[in-house]
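The values are calculated or read from the model by the stated rules, or taken from the named source; none is laboratory data. No experiment lies behind these values; they were computed from the predicted model shown. FYI the Cβ positions are ideal-geometry reconstructions off the backbone, even for glycines, and counts take in every protein chain you see. Side chains are part of the model used for accessible areas, which takes the heavy atoms of the whole protein and leaves out ligands, DNA and RNA. Shrake-Rupley method; radii C 1.70, N 1.55, O 1.52, S 1.80 Å.
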Amino acid sequence: MRKNDDIELKIEDTTSEAIQEEERSRDEAAEMREQARKAIQMIKETVREEDPKLTPTLTLRTILGGDFLTADMVRRNIWLFVLMVIFTIVYVAVRYQCQQDMIAIDKLEKELLDAKYKALSSSSTLTEKCRESHVLHALKQNKDSLLHIADQPPYIINVPE
């Protein structure tokens with residue numbers, strides 16, 4: 001029976017140790033929770049939802065650092081920023097369309113210049129073929145034509161009005 005008592009004592013000792021260990025871990029967990037609560041409380045105290053107010057002087061450092069672009073300033077001027085973006089988009093679109101129109105105008109001007117040169121060439125050729133000497137030469141070659149050069153000068157008839 002002694003063995004049973006020893007076993008029971010050993011079991012009781014190990015269970016009491018386990019209980020003590022569990023209590024220690026609970027205490028540590030409670031301490032950690034308490035520390036976490038304190039840390040959260042400290043963070044809540046230091047953190048504010050308000051933006052810091054700007055200093056009345058605007059320096060190059062605040063501009064380059066972006067400090068003047070606070071949420072309050074952006075909220076107050078959001079419609080100005082939207083308007084600026086819209087104007088920028090319209091400006092780019094109009095400039096692109098203008099450049100496309102200028103390219104089309106240049107192309108049409110080149111076509112017009114080519115058409116003028118062709119018309120000038122055709123007019124020159126027609127003028128050359130309509131000269132009196134060429135017409136007389138063509139009449140001489142066609143002997144069956146009844147047309148010939150007049151032997152008498154033309155008569156001028158004056159009609160009273």
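Going by the conditions given, is Phe87 modelled with pLDDT of 95 or more and within 29 Å of Thr62 (Cβ to Cβ)? Don't jump to the end; show me each part of the working.
Details: modelled with pLDDT of 95 or more: yes; within 29 Å of Thr62 (Cβ to Cβ): yes.
Judged against the criteria, Phe87 is a match.
Which of the residues that make up the range 112-140 are in a helix (DSSP H, G or I) and open to solvent by 100 Å² or more (accessible area, probe 1.4 Å)? Walk me through how you get there before you give the answer.
At the first step, the residues of the range 112-140 found to be in a helix (DSSP H, G or I) are 112-129, 132-140.
Correct list: Lys116, Tyr117, Lys118, Leu120, Leu126, Lys129, Glu132, His137, Lys140.
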